[in-house]
Amino acid sequence: MAEQQTLILVKPDGVQRGLIGEVIARIERKGYRIDALELGTLDRATAEQHYAEHTDKPFFEELVGFITSAPLVAMCVSGEDVIASMRSLMGATNPLDATPGSIRGDFATVIGENIVHGSDSPESAKRELDLFFPGRF
Ligand code: DAT
Ligand code: MG
C-alpha cells in the first residue's frame, strides 16, 4: 500500500452528459481526495502529448479530435493505491467489458466515449499530472 496521486479526467462525453458530479461523488465516497480540479478545453498539442503512447494507433486521430472537441474536467486525486483503485472504479476500457457498478460499466456503451480517463501507472501519473498541472504535484 502506498499513498499516491493520479490524473483523472471526466472526458467531453461525460461533461456533456452531466456526469461530472456522478464521477466526483464516486471518487469522494470511495474515500479519495481531490487535490486540484479544473474545467477547460484541451489544446491539440497537449492532447497529443497526453496520448503519446497511442500515436501509431489507427484510432489516434479520432481520440485526439474527441478529447479536444469540448470542455473536460481534469483532477488530481490522491489516496492509498489510488492509481490501480481508480482504474478499478472506472472499469475496463471497452464499456462492454466493464463490470456493472464501475463508471464505464454503468454509463457507457462505446469504447470511443467511455466517460473517464485515469493514469495507468505511477510513471504515467507523474507524466500526466505534470502535463495538466505543471509544477503543482
Ligand atoms: P484507457 O483509457 O482505459 O487507459 P487506453 O489507454 O488503451 O485505455 O486508450 C485510451 C483511449 O483510447 C480509450 O479510453 C478509448 C480510446 N481507445 C482505446 N482503444 C480503442 C479502439 N480500439 N478503438 C477506438 N478507441 C479506442
Ligand atoms: Mg490509458
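The values are calculated or read from the model by the stated rules, or taken from the named source; none is laboratory data. Model, not experiment: these values are computed from the prediction. Don't worry about glycine lacking a Cβ; one is built from the backbone with ideal geometry, like all the others, and counts go over all protein chains shown. Remember, those area values only see protein heavy atoms, side chains included, never the ligands or the DNA or RNA. Shrake-Rupley method; radii C 1.70, N 1.55, O 1.52, S 1.80 Å.
What the table shows:
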| item | result |
| --- | --- |
| Solvent-accessible area per residue for the chain (1.4 angstrom probe, square angstrom) | 50 |
| Computed helical MRE - 222 nm, the chain, DSSP H runs ≥ 4 contributing -39500 (n - 2.57), nearest 500 | -11000 deg cm²/dmol |
| Whole-percent carbon and sulfur share, accessible surface of the stretch 3-132, 1.4 Å | 52 |
| Straight-distance crosslink candidates among aspartates and glutamates, where the alpha carbon sits under 17 Å from LYS11 and sequence neighbours closer than 8 are dropped | GLU22, GLU38, ASP43, GLU48, GLU61, GLU62, ASP106, GLU113, ASP120, GLU128 |
| Calculated P(r) tail over 20 Å for the chain, as whole % of Cα pairs | 42 |
| Note, ³J(HN,Hα) from phi for the stretch 127-137, Karplus 6.51, -1.76, 1.60, rounded to Hz, x at Gly and Pro | 4, 6, 5, 4, 6, 8, 10, x, x, 9, 10 |
| Residues whose placed amide H lies under 5 Å from that of ALA92, excluding near-sequence neighbours | ALA98, THR99 |
| Packing-based ranking, highest mean first, of 23-33, 98-108 given that Cβ atoms within 10 Å are counted | 98-108, 23-33 |
| Counted charge near ALA36, where neighbours are those whose Cβ lies closer than 13 Å (Asp, Glu -1; Lys, Arg +1) | -2 |
| Charge tally in the Cβ shell below 11 Å around ARG87, where Lys, Arg are +1 and Asp, Glu are -1, ARG87 excluded | -1 |
| The chain, relative contact order in percent, only Cα pairs under 8 angstrom and at least six apart counted | 35 |
| Kirkwood estimate for the stretch 1-64, i.e. one over the average of 1/r between Cα atoms, Å | 13.9 |
